[in-house]
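Engineer: One structure, as structure tokens, below. Some questions next.
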Amino acid sequence: MQPNLNIGNENKQKRHCCQENMRHTDRSEDEKKALMTRLKRVEGQIRGIEKMVEQDLYCPDILIQVSAATSALNSFTKVLLSNHIKGCVATDIKNGNDETIDELCNILQRLMR
């Protein structure tokens, strides 16, 4: 299921938070739940790494856990990026907002550093 998006030139929703304009994407409950599940998994892995450091555990064991957390966060990023392309970017292009392509290219460049 694709997210319900209101992202066209005239339909961009902005929310005010701490006096800043923030763009907003409406996500389905299923999409939000899947993303939050992935984030909570990463959060749990980070907490585990913190405990390992506090307990002075062996560095290679900690590094293996760091690698697992990095992999989980990368997996989250791939899912979010895929949803963004299939939803936000596709909708913007259909609405004639080609600027979103430049934004996507910039995001990809930053992700590939």
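Each value in this text was obtained by applying a stated rule to the coordinates, not by laboratory testing. Note that this is a predicted model, so its numbers are computed, not measured. Don't worry about glycine lacking a Cβ; one is built from the backbone with ideal geometry, like all the others, and counts go over all protein chains shown.
Engineer: Quick one: grab Rg to one decimal and Dmax as a whole number for region 28-111, Cα atoms only, in Å.
Structural biologist: In order Rg, Dmax, the Cα atoms of region 28-111 give 17.3, 56 Å.
Engineer: Report the net charge of residues surrounding Lys86, where surrounding means a beta-carbon distance below 13 angstrom and charges are Lys +1, Arg +1, Asp -1, Glu -1.
Structural biologist: After counting each charged neighbour, the total is +1.
Engineer: What net charge is computed for the residues neighbouring Leu73, neighbours being all others with C-beta under 13 Å from the C-beta of Leu73, Lys and Arg scored +1, Asp and Glu -1?
Structural biologist: +3
Engineer: If each residue's Cβ is checked for other Cβ atoms within 10 Å, how do Cys59, Cys88 rank with the fewest at the top?
Structural biologist: In increasing order of surrounding Cβ atoms, one gets Cys59, Cys88.
Engineer: Also, I was wondering about something else. Among Val66, Val42, what is the fewest-to-most ranking by other Cβ atoms within 10 Å?
Structural biologist: With the fewest neighbours first, Val66, Val42 line up as Val66, Val42.
Engineer: Here's something else I'd like to know. Please report Ile107, Ile49 as a ranked list, fewest other C-beta atoms within 10 angstrom at the top and most at the bottom.
Structural biologist: Ile107, Ile49
Engineer: Normalising by the residue count of region 28-111, find the relative contact order in percent from Cα pairs under 8 Å and 6+ residues apart.
Structural biologist: So the answer I get is 27 percent.
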